[in-house]
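The values are calculated or read from the model by the stated rules, or taken from the named source; none is laboratory data. Predicted model only: the values in this text are computed from it and were never measured. Glycine gets a Cβ as well: all are built from the backbone with ideal geometry, and neighbour counts include every protein chain shown.
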């Protein structure tokens, strides 16, 4: 039985379940989280890592496996009731995909229906914020 994901354990869980990211992060000093385990820093780097593999389109078996493992974890995070875990996905992954429709479309294929609903809701709010319509509504 797997233990429930928490904000305190999610970095270890990510590094265990997506070993290709753990290796890349430990070997490439360009990753900001190279020596930093803060979840928001690590998930920011994870978002960059995912965009690279999404850009490959899952064409190689290695990329497809990485994407399946990665989005499986993201699905679990988005299904949790922990707002901090959901926010990590939104800021670390979704925000980096928001300006790249071609990568966003590929990501949607890997997300569950429930996670896609979370993504669509978040995108609506993000677009409103980026367009300035959210700020206008708040004034």
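Tell me which residues, restricted to the stretch 83-124, are in contact (Cβ under 8 Å) with a residue 24 or more places away in the chain, surrounded by fewer than 16 Cβ atoms within 10 Å (Cβ to Cβ) and not in a helix (DSSP H, G or I).
100, 112
Considering (1) modelled with pLDDT under 95; (2) closer than 26 Å to residue 117 by Cα; (3) surrounded by fewer than 19 Cβ atoms within 10 Å (Cβ to Cβ), say which one residue 54 fails and leave the rest.
Failed condition: (3).
Which residues, counting only those in the stretch 1-21, are farther than 17 Å from residue 89 by Cβ and surrounded by 13 or more Cβ atoms within 10 Å (Cβ to Cβ)? Quick ask: steps written out before the conclusion?
The initial filter retains those residues of the stretch 1-21 that are farther than 17 Å from residue 89 by Cβ, namely 1-3, 16, 19-20.
Within the stretch 1-21, 20 is the sole residue that qualifies.
Report yes if residue 33 is closer than 18 Å to residue 8 by Cα and either surrounded by fewer than 15 Cβ atoms within 10 Å (Cβ to Cβ) or touching a helix residue (DSSP H, G or I) at 6+ places or on another chain (Cβ under 9 Å) (or both), otherwise no. Show your work before the answer.
Working: closer than 18 Å to residue 8 by Cα: yes; either surrounded by fewer than 15 Cβ atoms within 10 Å (Cβ to Cβ) or touching a helix residue (DSSP H, G or I) at 6+ places or on another chain (Cβ under 9 Å) (or both): yes.
Yes; evaluated as a whole, the condition is true for this residue.
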